[in-house]
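Please treat every number below as a calculation from the coordinates, not as lab data. In this text the structure is predicted, and so the values were computed from the model without any measurement. Note that each Cβ is placed from the backbone with ideal geometry, even for glycine, and that neighbours are counted across all protein chains shown.
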Amino acid sequence: MIQDEILRLKKEKNAVILAHYYQDAEIQDVADYIGDSLELSRIAAKTDADMIVFCGVNFMAETAKILAPEKKVLLPVKEALCPMAMMINRQKLLEYKEKNPDRVVICYVNSYAEVKALSDVCVTSSNAEKIITSYKDQKMLYIPDKNLGLYLKDKYNLDIDIWPGFCCIHNNLRQIDIDEAKAKHPNALLLIHPESPLDLLKQADFVGSTKGIVEYATKSPAKEFIIGTEDGIMHPLQKANPDKKFYILSTGLRCYDMKLTKIEDVLHALQEEVHEITVDPETAKAAKRALDKMLEMS
Ligand code: 13P
Ligand code: SF4
């Protein structure tokens, strides 16, 4: 069986498989660790494995490489990219910084090393609220996700410029999705990821990261939940809560890039040691400062 061969190779090569909650159930089930961006970064930073097979999208594998430069980090499908991470680049950020030298630059991990390298601190959806509010008396720039930025700006009345990037999956959610889901499931609580539009977030019972959503649903005494994030999360939700009911907010909540990785790709990555992530050492050093600061502050 393919899973047995993966387990054998993992042991032989002292490799660890990290999978984001948005991966297919089959991949989550073969992974050593499943988590959100923050948790997977933390694991990458402290693992004593020689090799990390990162089942997610490339900014996540790149982050793992920056935090664990001595490890071999593999991305099973090299085309697995996050479109949001491509909505800002080094040049555009340099131009902004030149005009606004007094703003603290806060960078969502859904970004590339060259952008993190020019930032003061990174955040994920798990720790953005804590880290951004700790700068509340300063002027800030938040890159590149406008929805998470606008959500915190509105909640805390912050002096923060917001980059106009977005997640094409969460940003597509509409009022009609909520209206239809609530009409079908009137007793369900609404849990939404902060990459979604602000007017929808304001109607949620809980706004949080993928891990936050899993924890909230697991601890809650409620029995039914409408889930406003990518549908890979339905697997860990249902696994941890077999007696509860989960309904996806929209059938559009499927990240093409996250779903590119198949179990055969994981096996191939382990067999051939592809596709190895590399980061220019100077860029990695500067990006690591922003990531380390995030890990310290979260
Ligand atoms: P999390 O940090 O909540 O796992 O989110 C990552 C992501 O890409 C959401 O679209
Ligand atoms: Fe990027 Fe959105 Fe896919 Fe997350 S769900 S990886 S933010 S495109």
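What share of the DSSP beta bridges in the chain is antiparallel, in percent to the nearest 5? Before the final figure, lay out the partial values.
On the way: 1 of 33 bridges.
Bridges in the chain that DSSP calls antiparallel: roughly 5 percent.
For the chain, what is the mean residue ellipticity at 222 nm derived from helices alone (per DSSP H run of n ≥ 4: -39500 (n - 2.57); sum divided by total residues; nearest 500 deg cm²/dmol)? Don't skip to the answer; put the middle values down first.
Values: 14 runs with 126 residues, N = 298.
Calculated mean residue ellipticity at 222 nm is -12000 deg cm²/dmol.
Within the chain, which DSSP H helices have Cα atoms that stretch 18 Å or more along the helix axis and a mean Kyte-Doolittle hydropathy of at least -1.0?
Details: long enough: 281-297 (24 Å, -0.61).
Once both thresholds are applied, what remains is 281-297.
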Farthest towards the positive end of the dipole of the range 150-298, among Y151, I233, S220 and with Cβ unit charges of +1 on Lys and Arg and -1 on Asp and Glu, lies the Cα of S220
Rounded, prolate or oblate, given the Cα gyration tensor of the range 58-207, with a/c below 1.5 counting as rounded? oblate
Take peptides 185-198, 154-167 and line them up by average Cβ neighbours within 10 Å, highest first, as a rough protection proxy. 185-198, 154-167
Mean Cβ neighbour count within 10 Å, used as a protection proxy, ranking 53-62, 11-20 highest first: 53-62, 11-20
Row for the range 10-64, column shape: gyration tensor on C-alpha, a ≥ b ≥ c, rounded if a/c < 1.5 i.e. under 1.5, prolate if a/b over b/c, else oblate; value oblate
About its Cα centre, how strong a charge dipole does the chain have in debye, to the nearest 20, once Lys and Arg get +1 and Asp and Glu get -1 at the Cβ? 640
Where does each of 92-101, 225-234, 30-39 land if you order them by average Cβ count within 10 Å, highest first? 225-234, 30-39, 92-101
Set of aspartates and glutamates with alpha-carbon distance to K97 below 17 Å, sequence-local pairs under 8 removed: E114, D120, D159, D161
For the chain, what class follows from the C-alpha gyration tensor (a ≥ b ≥ c being the square roots of its eigenvalues): rounded when a/c is under 1.5, otherwise prolate if a/b is larger than b/c, else oblate? oblate
Suppose the Debye formula is applied to equal point scatterers at every Cα of the range 93-149; what is log10 I(q)/I(0) at q = 0.15, 0.22, 0.24 Å⁻¹? -0.38, -0.84, -0.99
Size of electric dipole in the range 197-294: Cβ of Lys, Arg +1 and of Asp, Glu -1, about Cα centre, debye, nearest 20: 560
